[in-house]
1. Scanning for something out of contact with any helix residue (DSSP H, G or I) (no Cβ under 7 Å at 6 or more places or on another chain), more than 10 Å from chain A (Cβ to nearest Cβ) and closer than 30 Å to A:Asp126 by Cα, does region B:191-204 turn up at least one residue?
2. Check B:Thr38, B:Thr73 and return the single one that is closer than 17 Å to B:Ala114 by Cα and without any contact (Cβ under 8 Å) to a residue 24 or more places away in the chain.
3. Name the helices (runs of 4 or more DSSP H) wholly inside region A:110-188 in which the number of residues that are within 9 Å of chain B (Cβ to nearest Cβ), open to solvent by 30 Å² or more (accessible area, probe 1.4 Å) and in contact with a Pro (Cβ under 6 Å, 6 or more places away or on another chain) is 1 or more.
4. Is it the case, given these coordinates, that A:Phe34 is touching a Phe, Trp or Tyr at 6+ places or on another chain (Cβ under 8 Å) and within 14 Å of DNA strand C (Cβ to nearest atom)?
5. Count, please, the residues in region A:189-211 that happen to be assigned to a loop (DSSP other than H, G, I, E, B) and either open to solvent by 20 Å² or more (accessible area, probe 1.4 Å) or touching an Asp or Glu at 6+ places or on another chain (Cβ under 8 Å) (or both).
2 protein chains.
Amino acid sequence: MSVAVAKTPRASVREGREKSIFDAARSVFAEFGFKGATTAEIARRAGIPKANLHYYFATKEALYRHVTAEVLTDWLSAASSFDEKDDPAEAIAAYIGAKMDLARADPLGSRIWANEILRGAPVIGDFLETTLANWLSSREAIVRRWIDQGKLVTMEPRYFFYMIWASTQHYADFEGQMMALNGGQPLSDEQFETAKKQVIATLLRGVMPQF
Amino acid sequence: MSVAVAKTPRASVREGREKSIFDAARSVFAEFGFKGATTAEIARRAGIPKANLHYYFATKEALYRHVTAEVLTDWLSAASSFDEKDDPAEAIAAYIGAKMDLARADPLGSRIWANEILRGAPVIGDFLETTLANWLSSREAIVRRWIDQGKLVTMEPRYFFYMIWASTQHYADFEGQMMALNGGQPLSDEQFETAKKQVIATLLRGVMPQF
DNA sequence: GATAAGTTTGACCAATCGGTCAATTCATTG
DNA sequence: CAATGAATTGACCGATTGGTCAAACTTATC
């Protein structure tokens, strides 16, 4: 098996085109949702004729499914950071940090997710009911154990996860609103770091007994 | 001036039609955003021919502006509950409670707002930059005073408000996701009350020094 | 360098889009 | 009950939608 084989011009052109279509699709789906997105606008942002887009992705829905699949993968990747620590404070802080970083690094992914939920999750519904539901159940069990051990205050773990998701994804989904409230400027790296620390501090403080 | 004058059949028919169109428009805009919404679907949900819809609202955008105006009014109405108490814990709890109740009573309004932000707030942008920015500034000043008085932990008030908005509106915008994670069932009244209490408790605990 | 395979694109299609309009129905008023 | 104005609606408009197709073009292979 060859490693890092030099791509033929053909293959790399294909790769580049698919990438540029994919990126353009992400931005359009994030902004307008599936229904509001048009293949013409995606092609325009990708800088190619519409017919060329349909050569690489047969239908708008096929393209959308590719995009959402990646979003779900990224979500799960960030979720894994919850499991890397045994201490509740560390696990929660790591998870919130990872979710904040994801919202900052890839706001479009979060917005695609949000749009999908807003229209009733016709495409990722299965994922929510199976993979996500299972993830939540098992992490609820972990949090419940911590509560029983007196390491966290009494609470319903599920609603705590909702707060984490809401508070972190807000920085992606409502970036436009934050910009409007920040003198038209996007949050600087310093502002974002402050926000991130504060979200972690407030949520930790909200559920840790020793404070 | 007559009070509660009996409406003529004509006037009340007009009122009823406008209301049913308005409600249908709310649900379609909430689900698909402005771009994804179609006047045909709005008319279908209102149970009238499309031409009749255009008799009452000349354009899709005019209808959308009517809908958003109401959303902003409701937002400000809930916001006023922050000012009714002098004690920080009471003010914050009242505000979170009001925002939770609004998300529960009118999830569509929150979703219309979310869709508007996702596409860059072309219609409510002015509101965000003026009315909302002013509201936030003045309440930041109040929170800062409480911090100086040692009634709240040191923090950046703005990011705390973002957490409140995120955590509460999440119950409207992501209702579909919560349903999928709740065995396909919407949150019961009891579940919602538990969630509401927990959001208040966690956020209060997160910023109150005495805990 | 000829042939085949992969890629690009303008032109085009039926369906749907937001919106118009004239004809009709309806309720109100003198 | 005649006349007036408000309300209703099917038919229709040009523009846009997602998608197709054949012809042209580019790269790889023998």
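The values are calculated or read from the model by the stated rules, or taken from the named source; none is laboratory data. Just so it is clear, the structure is predicted and the values come from calculations on it, not from any experiment. Here the Cβ positions follow ideal geometry from the backbone for every residue, glycine too, while neighbour counts run over all protein chains shown. The accessibility values were calculated without ligands, DNA or RNA, using every heavy atom of the protein model including side chains. Shrake-Rupley method; radii C 1.70, N 1.55, O 1.52, S 1.80 Å.
1. yes
2. Criteria check complete, one pass: B:Thr73.
3. A:175-180
4. Criteria met by A:Phe34.
5. Number satisfying all stated conditions: 3.
Yes/no per residue for (1) in the same structural domain as A:Leu108 (by TED's automatic domain parsing); (2) under 23 Å from the mean Cα position of the chain (by Cα); (3) modelled with pLDDT of 95 or more:
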{"site": "A:Ala4", "(1), (2), (3)": "no, no, no"}
{"site": "A:Ala11", "(1), (2), (3)": "no, no, no"}
{"site": "A:Val28", "(1), (2), (3)": "no, yes, yes"}
{"site": "A:Glu31", "(1), (2), (3)": "no, yes, yes"}
{"site": "A:Gly36", "(1), (2), (3)": "no, yes, yes"}
{"site": "A:Arg45", "(1), (2), (3)": "no, yes, yes"}
{"site": "A:Lys50", "(1), (2), (3)": "no, no, yes"}
